[in-house]
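In what follows, a structure is listed as structure tokens, so that the remarks can point back to it.
The values are calculated or read from the model by the stated rules, or taken from the named source; none is laboratory data. Since we're looking at a predicted model, the values are computed, not measured. Quick reminder, even Gly has a Cβ in these numbers, built from the backbone with ideal geometry, and neighbours come from all protein chains shown. Just so you know, the surface numbers come from the protein's heavy atoms only, side chains and all, with ligands and any DNA or RNA stripped out. Shrake-Rupley method; radii C 1.70, N 1.55, O 1.52, S 1.80 Å.
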Amino acid sequence: RASSSSSSTSSRHLLSRAYSADASPERKIAVLGAAGGIGQPLALLMKLNPLVSHLSLYDIAGTPGVAADVSHVNTRSEVKGYVGEDQLGAALEGCDVVIIPAGVPRKPGMTRDDLFNINAGIVKTLCTAIAKYCPNALVNMISNPVNSTVPIAAEVFKKAGTYNEKKLFGVTTLDVVRAKTFYAGKAKVPVSEVDVPVVGGHAGITILPLFSQAKPQGSNLSDEDVKALTKRTQDGGTEVVEAKAGKGSATLSMAYAGSIFADACLKGLNGVPDVVECSFVQSAVTDLPFFASKVRLGKDGVEEVLGLGSLSDFEKEGLEKLKPELKASIEKGIKFAHGN
Ligand code: NAI
């Protein structure tokens, strides 16, 4: 009896060892700005993600409450809240992925560039700490204007000697999420099957959805339909800002999009093959130093920046039109990082 009980104990032990060897590896994620409109639902969605083992929630205020609340959800990850700059290092130490939705959002009438003065400084501070405490982490930049905050982050990391172009991402997933939703409605195809690449940048006309490459092809869309879908995707953020009438910009759909992108980063890190998402990254796809396009994610971050594929005349025109604005936003970010 004693021996049968010890053999069943050891087989249980073997089973649990086999399980933990097969289970996904430990992954620490930080959300910076975790008490905000995006940060809170994003913290919840990351808590639901079984690939996360440690969830670090940082903000300048309010994180103890958010962390206590989210920590009661009965999923894998251990949740810790960090508040104030003196706890930023501990929040970041050992992180595999850092998601940054810190900063002010738009109010009606504002462009994303109007946020530059406040958010540029916030991003610079946070990236300086990332360079120090988790230089190998994949950085998912949500704070706007993404077209400038990503170049700022790159310059901060270069100055610190930690820049790795494979590990810095501007999160443009919400543009893809919107393009998919709007396309499915118009083309009358099931939204869960839709794929639409969105390239360029993340503001106004720099957002260029490639509906000519949309899958599946549904009822034939006229040129006017495609124009209207493009405009709605470009103005999707403003649609939400106006509907919220002064109470901020997209938070729930952005949290969803941010969680999709972070999940893709984690899958890539864990060696899942063929993980492809659009993102604003260092790029040689055009003559601009940063550009959003499809990116294959792997164990070190960007595995391959994929090209644009064939474009319709309307998309070619859109590409030429967006370049000067995107170039100016990139240069503004670089100049800020050098000047301060
Ligand atoms: P929010 O104001 O609700 O939350 C921002 C949070 O950042 C606040 O909790 C605030 O305390 C925190 N914060 C401020 N300074 C900080 C610092 N130095 N360190 C850490 N946290 C700090 O704003 P919301 O709606 O969550 O938006 C956040 C950012 O995301 C904005 O810049 C917004 O424009 C951007 N955004 C980006 C989108 C995208 O597609 N990439 C879509 C929607 C918004």
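Per-structure values
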read-out	value
Extent along principal axes [Cα atoms of segment 31-151; Å; largest to smallest]	41, 32, 25
Choice from LYS166, LYS215, LYS267 with maximal GNM fluctuation in the chain (Cα, 10 Å cutoff)	LYS215
Extension gain (nm, one decimal) between GLU304 and ASN136, 0.36 nm per residue minus Cα-Cα	58.7 nm
Cβ-defined net charge surrounding LEU55, 10 Å radius [Lys, Arg +1; Asp, Glu -1]	+4
Gyration tensor (alpha-carbon) shape descriptor, segment 153-269, a/c threshold 1.5	prolate
The chain - accessible surface per residue (Å², probe 1.4 Å)	46 Å²
Per the chain, cysteines lacking a partner by the 4.7 Å Cβ criterion	CYS127, CYS265, CYS278
Computed [θ] at 222 nm, deg cm²/dmol, the chain (DSSP H ≥ 4; -39,500 (n - 2.57); rounded to nearest 500)	-15000 deg cm²/dmol
HIS338 accessible area, assembled protein chains, probe 1.4 Å, Å²	130 Å²
Area of GLU85 that stays accessible when all protein chains are in place (1.4 Å probe, Å², to 10)	130 Å²
Virtual spin-label span in nm between SER71 and VAL285, 7 Å along Cα→Cβ	4.1 nm
GNM result for the chain, Cα springs below 10 Å: residue of VAL146, VAL156, VAL194 fluctuating most strongly	VAL194
Net charge over other residues, Cβ less than 15 angstrom from the Cβ of LEU115 (K, R count +1; D, E count -1)	+3
Relative contact order (%) - criterion: Cα under 8 Å, at least six apart; region: the chain	16 percent
Whole-angstrom gap from segment 245-263 to segment 110-161, using each part's C-alpha centre	18 Å
Net charge dipole size for the chain [Lys, Arg +1 and Asp, Glu -1 on Cβ; Debye, nearest 20]	620 debye
Among beta bridges that DSSP assigns inside the chain, antiparallel share in %, nearest 5	45 percent
Within the accessible area of the chain (1.4 Å probe), percent carbon and sulfur	54 percent
Local electrostatic count at VAL281 - Lys and Arg +1, Asp and Glu -1, tallied over other residues with Cβ under 14 Å	-1
